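Let me begin by presenting the structure, written as structure tokens, before commenting on it.
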Amino acid sequence: MDRLEILKVSDQANWDYDDEADVLYLSVGEPRQAVGVDIGDGVVLRYDEATQEVVGLTVVGLRAKLAKAP
């Protein structure tokens with residue numbers, strides 16, 4: 001895979017938490033169509049194929065991850 005451009009500064013980040021599914025959705029800017037890449041431990045990196053920009057993260061099982069945190 002080619003190098004992804006990572007947004008260094010964002011004046012707009014959005015998030016949504018699905019309590020029933022225990023999933024956190026983080027987006028840079030408004031949520032948009034993206035390709036998801038599972039990077040492990042229930043985290044999916046989302047990026048725009050056309051621009052090669054990271055546009056968000058999806059965190060599955062957030063409650064359990066926070067409970068394990070020191």
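The values are calculated or read from the model by the stated rules, or taken from the named source; none is laboratory data. Note that the structure is predicted; figures quoted are calculated from it, not measured. FYI the Cβ positions are ideal-geometry reconstructions off the backbone, even for glycines, and counts take in every protein chain you see. Please note that ligands, DNA and RNA were not included when accessible areas were found on the heavy atoms of the full protein model with its side chains. Shrake-Rupley method; radii C 1.70, N 1.55, O 1.52, S 1.80 Å.
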- Could you grab me the full set of residues in the stretch 17-29 that are in a strand (DSSP E or B) and without any contact (Cβ under 8 Å) to a residue 12 or more places away in the chain? Asp18
- Task: Specify which of the listed residues (Gln52, Gln12) is polar (S, T, N, Q) and touching a Leu at 6+ places or on another chain (Cβ under 6 Å).
- Result: Gln52
- Among what's in the stretch 16-29 and is open to solvent by less than 40 Å² (accessible area, probe 1.4 Å) and out of contact with any Leu (no Cβ under 8 Å at 6 or more places or on another chain), pick the residue that is modelled with the lowest pLDDT. Gly29
- Task: Name every residue in the stretch 30-70 that is in a strand (DSSP E or B), among the charged types (D, E, K, R) and open to solvent by 60 Å² or more (accessible area, probe 1.4 Å), in order of residue number.
- Result: Asp38
